[in-house]
Amino acid sequence: MDGPAVIVGAQLRAAREAAGVSLAVLAGQIPYSKSALFYYETGKRSLTPDVIAWYERRFGGIQDPVATLLNLGRADVERRSFLRVGYSTAISASVLLPGWLDGAASRGPCKDAGLRHVGQADVTAVRDVMSLFSQIDQRLGGGHGRTAVAQYLTNEVTGYLNGSFVSEAVRREMFIAAGELAYLAGWMAFDNDEHAVAQRYFTTATKLSVEANDGPLTGHVLRAMAHQAVDLGHPQQGLQLAEASVSGTRYRDACPRERSLLKVVHAKALSAAGQKAESAKALLQAERDLAAASDSDHEPARVFFFSEASLAHETACALRDSGDLAGAADQFQLSVRKRKATTFTRTHAVTLGYLGTVQARSGELEQACTTWTSALNAMDGVQSGRTRNVARDIRTTVAPYRQTAGVSEIDRRAADYLAVSGM
């Protein structure tokens, strides 16, 4: 298998070639020689975040998030292979470089530049699409409808972003709506184990949110990137991203519900990085933030899913990662009790799967099998990398006990789910 440098180098080369730029021309535009660029693109020299950042700036980067979104959407719809070659720590690290999150220059009001006139009704249309597919994602997983989201971003949303806005307020709202939808495309890809695609959408969503000067939205996307990094076994990078998500206005200007979401993922990242005491403090703050939420708050639609059940789930993950299995089991059980399973089916199945694994690790195999039965029941029709990972974990955990009648049935059902889900 190709190493990370080769994989990311292929991504850089594909971006350059898609723009029709030669190595010689690029070497005259950024502070690297032609030979150095060749070595980076072929993976013969280790990549640094600075190199990634220069490519991002040059090929649709910080100054033009709309071009980035258009190119990404087209590549995604056409399923170009370079988008699916693996998670890159360098790409995520580039988001945290100076100038990325705070230095994007605004285009200023756009009144006559485009052919399409964009008003509040267009913003509402994009938000309606976001709401619809967010609900589908929560019920059926990121594998349902993600291509449709990518097509809508490419065919409709980029047209709006290049249009003529009736006011600066509408322009800002459209960039926020586009950023939220790009984030959703990334989240759906992340949930479906398409991690390189997810990274690209997440980084593009940060650019759109910065263009709109929406700190809480930027924090929301960084939180998702932190979640991804931790889940994929990069705790230090996950912590860096999580800390950025709760920095300054990203946390301070968010509504209480969103602050709680940002803070609980920060706690999860702290736990994964081995900082148990700091994680506990962050969990307490997340609880306080959610307790402060009220029906009178003006909340963005993107946080509709985050509730007491969600907080309990993430708290349980943090406790599990710190070695507190009893505490994790209590919080997973609270999450199961509090969640509306028919509305949030995918997460409900994942929570049950995690609870079963914690129970098995605590020596309660019979109870774990009962819990896993409920998890597998909930997985019916769900297309999600996380539910597939739960099914794989079930099979691994029960492997030594497959000759036992009840256990063998659980193993068979997990195998059947994996076969039906196509992964």
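Go through (1) in contact with a helix residue (DSSP H, G or I) (Cβ under 6 Å, 6 or more places away or on another chain); (2) surrounded by fewer than 22 Cβ atoms within 10 Å (Cβ to Cβ) and name the single condition Ser247 misses.
Condition not satisfied by Ser247: (1).
Take the residues in the stretch 45-65 that are part of a loop (DSSP other than H, G, I, E, B) and buried (at least 16 other Cβ atoms within 10 Å of the Cβ), then tell me which one is modelled with the lowest pLDDT.
By that ranking, first place goes to Ile62.
Within the stretch 29-41, can one find any residue that is modelled with pLDDT under 85, in a helix (DSSP H, G or I) and out of contact with any Pro (no Cβ under 9 Å at 6 or more places or on another chain)?
Within the stretch 29-41 (the criterion being modelled with pLDDT under 85, in a helix (DSSP H, G or I) and out of contact with any Pro (no Cβ under 9 Å at 6 or more places or on another chain)), the answer is no, since none of the residues qualifies.
Sort out which residues of the stretch 331-340 are of a type outside the set (Ser, Thr, Tyr) and crowded, with 17+ Cβ neighbours inside 10 Å, and write them in order of number.
Of everything in the stretch 331-340, those that are of a type outside the set (Ser, Thr, Tyr) and crowded, with 17+ Cβ neighbours inside 10 Å turn out to be Gln331, Phe332, Gln333, Leu334, Val336, Arg339.
When you go through (1) among the acidic types (Asp, Glu); (2) modelled with pLDDT of 95 or more; (3) out of contact with any Asp or Glu (no Cβ under 8 Å at 6 or more places or on another chain) one by one for Glu299, which number turns out not to apply?
In the conditions (1) among the acidic types (Asp, Glu); (2) modelled with pLDDT of 95 or more; (3) out of contact with any Asp or Glu (no Cβ under 8 Å at 6 or more places or on another chain), Glu299 misses (3) alone.
Against the definition (touching an Asp or Glu at 6+ places or on another chain (Cβ under 7 Å), surrounded by 13 or more Cβ atoms within 10 Å (Cβ to Cβ) and either of a type in the set (A, V, I, L, M, F, W, C) or more than 13 Å from Leu352 (Cβ to Cβ) (or both)), how does Gly385 come out, yes or no?
Here the answer is yes, as Gly385 does meet what is asked.
Rundown of residues vs (1) modelled with pLDDT under 95; (2) buried (at least 23 other Cβ atoms within 10 Å of the Cβ); (3) within 28 Å of Val246 (Cα to Cα), yes/no style:
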site: Ser106; (1), (2), (3): yes, no, yes
site: Gly119; (1), (2), (3): no, no, no
site: Ser131; (1), (2), (3): no, no, yes
site: Ala148; (1), (2), (3): no, no, no
site: Val157; (1), (2), (3): no, yes, no
site: Asn162; (1), (2), (3): yes, no, no
site: Gly179; (1), (2), (3): no, yes, yes
site: Tyr183; (1), (2), (3): no, yes, yes
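Picking from Thr345, Thr357, Thr373, which residue would you name as being farther than 22 Å from Ser131 by Cβ and crowded, with 17+ Cβ neighbours inside 10 Å?
Criteria check complete, one pass: Thr357.
Return only the number of the condition from (1) closer than 30 Å to Leu181 by Cβ; (2) β-branched (Val, Ile, Thr); (3) at pLDDT 95 or above that Thr342 does not satisfy.
The failed condition is (3).
Checking the structure you have, find out if any residue of the stretch 164-171 is touching a residue at least 40 places away in the same chain (Cβ under 8 Å), part of a helix (DSSP H, G or I) and under 18 Å from the mean Cα position of the chain (by Cα).
For the stretch 164-171, residues touching a residue at least 40 places away in the same chain (Cβ under 8 Å), part of a helix (DSSP H, G or I) and under 18 Å from the mean Cα position of the chain (by Cα): absent.
Give the stretch 135-163 a look and list any residue that's in contact with a helix residue (DSSP H, G or I) (Cβ under 7 Å, 6 or more places away or on another chain), in a helix (DSSP H, G or I) and of a type in the set (S, T, N, Q), or say none.
Gln138, Thr147, Gln151, Thr154, Thr158
The values are calculated or read from the model by the stated rules, or taken from the named source; none is laboratory data. This is a predicted model, so every value here is computed, not measured. Positions of Cβ are generated from backbone atoms using ideal geometry, with glycine treated the same way; all protein chains shown enter the neighbour counts.
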